[in-house]
């Protein structure tokens, strides 16, 4: 039988930065997740509330019968490769740093599956695509604590982490493993210890441009810029658009202001982590005029193999229209007018372009486009 020390050593050899193990029992934070769904905070992400998927999230045994151990790994994607003055330039569209380089799904999933099969043929591995509450299990495994911004925060590394979960039908965890975890990482997932590492800090809650946190540790995805720019299909609510700044794919604000990130986050030295480094600044913050004029061919050429592909070209252009409206510079007028006049563009994209024109030029009407 493999020991916990051997499993941890193997994970580190494969390039993972963090690894923890825990015996499978009641899913951590299960009721909080159910309550979150009941409040409708998931928005259009109906797959989260699908009955079969919900049952699996609440009971890992429905994913892998006989499961006894859950193993969580973490990989840092912090590269600090792009100056903040470039990222904050309103003439550029800002992309969340996890999407600057290679798509983490493609990079980590094969590696995690091989890791799981090395442990046991009876294993399941997921990189945020399966019905597993990764952050809750990561906290239970001692990798950190869940902060008020709902991110997993490592007390000596911050929150720029990809998480992967492996379920195995073997008892691996030794009773002393949790005692070896850092003090700030040992908090168990109970209401009494939630956000213990955050203490009285509320910087993430105050900094959120769209006020997406109705309470500490509760994210209303329907107001989150990451959700609005990636998950939401169709029209973005009018009242939220002026608060989205120049974000065109995801958002890092609640992590950027976190003291743990500002103090402890540093570029990952691992070769695995370096695969998430952008090849140039335009992968992290492309010029808005370039995105607005981007064809499908150009979109695929620039973002092939990155997580940005998920939005497809119309979604990214829609988001760029909002960023252009917030920029307010007349340099974007030509590209926006071309979108509005192009009948081949989806009505939703044209509507957002008209909104931007109204912000910049004060002409036209959204109602002329929306049917």
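Derivation of every value follows stated rules applied to the coordinates shown; laboratory data play no part. Owing to the predicted nature of the structure, the values given are computational and were not obtained by experimental measurement. In this analysis, Cβ positions are derived from the backbone assuming ideal geometry, glycine residues included, and neighbour counts consider all displayed protein chains.
Quick look at the numbers
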{"item": "Mean shadow area of region 293-342, taken as a quarter of the surface of its Cα convex hull (nm²)", "result": "3.6"}
{"item": "Region 112-152 versus region 197-275: alpha-carbon centroid distance in Å", "result": "21"}
{"item": "Two-decimal log10 I(q)/I(0) for the chain, as the Debye equation yields it once each C-alpha is a single scatterer, q = 0.07, 0.11, 0.12 Å⁻¹", "result": "-0.33, -0.79, -0.92"}
{"item": "C-alpha long axis of helix 347-361 to longest principal axis of the chain, angle in °", "result": "60"}
{"item": "Prolate/oblate/rounded label for region 114-156 (Cα gyration tensor, a/c 1.5)", "result": "prolate"}
{"item": "Where N is the number of residues in region 1-93, Cα Rg divided by 2.2 N^0.38 Å", "result": "1.56"}
{"item": "Angle in degrees between helix 104-119 and the longest Cα principal axis of the chain, rounded to the nearest 10", "result": "10"}
{"item": "Overall Cα dimensions of region 219-371 - principal axes, largest extent first, Å", "result": "52, 33, 27"}
{"item": "Gaussian network model of the chain, Cα within-10 Å springs - most flexible of 19, 340, 70", "result": "340"}
{"item": "Spacing of the two label points (7 Å from each Cα toward its C-beta) at residue 203 and residue 55, in nm", "result": "4.5"}
{"item": "Residue order, fewest to most beta carbons within 10 Å, for 106, 41", "result": "106, 41"}
{"item": "Shape category assigned to region 73-137 from the gyration tensor of Cα positions, a/c cut at 1.5", "result": "prolate"}
{"item": "Exposure proxy order (Cβ contacts within 10 Å, fewest to most) of 47, 104", "result": "47, 104"}
{"item": "Degrees, to the nearest 10: 312-327 long Cα axis against longest axis of the chain", "result": "60"}
{"item": "Gain on full stretching of the segment that runs from residue 86 to residue 338 - 0.36 nm per residue minus C-alpha separation", "result": "88.1 nm"}
{"item": "Burial ordering of 17, 89, fewest other beta-carbon atoms within 10 Å first", "result": "89, 17"}
